[in-house]
1. Quick check on residue 54: is it within 22 Å of residue 196 (Cβ to Cβ) and at pLDDT 95 or above?
2. Among the numbered conditions (1) surrounded by fewer than 18 Cβ atoms within 10 Å (Cβ to Cβ); (2) in contact with a helix residue (DSSP H, G or I) (Cβ under 7 Å, 6 or more places away or on another chain); (3) touching a residue at least 60 places away in the same chain (Cβ under 8 Å), tell me where residue 67 comes up short.
3. Considering only residues of the stretch 134-152 that are out of contact with any helix residue (DSSP H, G or I) (no Cβ under 6 Å at 6 or more places or on another chain) and part of a loop (DSSP other than H, G, I, E, B), which is nearest to residue 117 (Cα to Cα)?
4. Give the residue that is nearest to residue 21 (Cα to Cα), with candidates limited to residues of the stretch 153-170 that are crowded, with 21+ Cβ neighbours inside 10 Å and out of contact with any strand residue (DSSP E or B) (no Cβ under 6 Å at 6 or more places or on another chain).
5. State yes or no: is residue 100 in contact (Cβ under 8 Å) with a residue 40 or more places away in the chain, out of contact with any strand residue (DSSP E or B) (no Cβ under 8 Å at 6 or more places or on another chain) and over 22 Å from residue 180 (Cβ atoms)?
6. If we scan the stretch 108-118, do we find a residue that is without any contact (Cβ under 8 Å) to a residue 40 or more places away in the chain, in contact with a helix residue (DSSP H, G or I) (Cβ under 7 Å, 6 or more places away or on another chain) and crowded, with 24+ Cβ neighbours inside 10 Å?
């Protein structure tokens, strides 16, 4: 495909997925529950832990960065940790226990009842994400899944699962980014809306 044909096709596909999401009352209901769980946890001075692989690892870091730093306006920092960033922990756990344990081990160390774990997997079948969900449930965390259309193996394991309405990894990732940005905006407004500049 030529460059212009490629970008026009990508934009059309992305627009279609976002439109499908906006019309799906079940998915929108899961987003509402996700917002409520994150706000409840944050108001209780708990943490949001996030993990994913590849592009979803970048999403985890991006999302944590928006919460710890700021999204739309200056306000106090919010407690969020991407479990994808510490190379010493990742390589130690990967070497000593196996890659399937790199997130679960961190949840066992850092997770507390009342925290939220956001598990990101476009397929819903990533072994290290599935083990992390098990670890989170065992420690009393609320588990929120971000995945693709089928939900994969993770869907029935999550307390809340938002399934982007696509089977295409790039389109799922784009939808996840919109979800993450909207979630940041909702949390920030609920916690510190009175600080928003007029």
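The values are calculated or read from the model by the stated rules, or taken from the named source; none is laboratory data. Just so it is clear, the structure is predicted and the values come from calculations on it, not from any experiment. Please note: Cβ atoms are built from the backbone with ideal geometry, for glycine as well, and neighbour counts cover all protein chains shown.
1. Values: within 22 Å of residue 196 (Cβ to Cβ): no; at pLDDT 95 or above: yes.
The answer is no for residue 54.
2. So the condition that residue 67 fails would be (1).
3. Here is the first cut: in the stretch 134-152, the residues out of contact with any helix residue (DSSP H, G or I) (no Cβ under 6 Å at 6 or more places or on another chain) are 134, 137-141, 145, 147, 149-152.
Now narrow it down to the ones that are part of a loop (DSSP other than H, G, I, E, B): 139-141, 149-152.
On the way: 139: 11, 140: 10, 141: 6, 149: 20, 150: 20, 151: 17, 152: 18 Å.
So the residue we want is 141.
4. Narrowing the stretch 153-170 to residues crowded, with 21+ Cβ neighbours inside 10 Å: 154, 158, 160-164, 166.
Going one step further and asking which of them are out of contact with any strand residue (DSSP E or B) (no Cβ under 6 Å at 6 or more places or on another chain), we end up with 164, 166.
Numbers: 164: 7, 166: 9 Å.
Among residues in the stretch 153-170 that are crowded, with 21+ Cβ neighbours inside 10 Å and out of contact with any strand residue (DSSP E or B) (no Cβ under 6 Å at 6 or more places or on another chain), the one nearest to residue 21 (Cα to Cα) is 164.
5. no
6. If we filter the stretch 108-118 for residues that are without any contact (Cβ under 8 Å) to a residue 40 or more places away in the chain, which is where we start, we get 108-109, 113.
Imposing the further condition that a residue be in contact with a helix residue (DSSP H, G or I) (Cβ under 7 Å, 6 or more places away or on another chain) reduces the set to 108.
Keeping just the survivors that are crowded, with 24+ Cβ neighbours inside 10 Å gives none.
Among the residues of the stretch 108-118, not one is without any contact (Cβ under 8 Å) to a residue 40 or more places away in the chain, in contact with a helix residue (DSSP H, G or I) (Cβ under 7 Å, 6 or more places away or on another chain) and crowded, with 24+ Cβ neighbours inside 10 Å, which makes the answer no.
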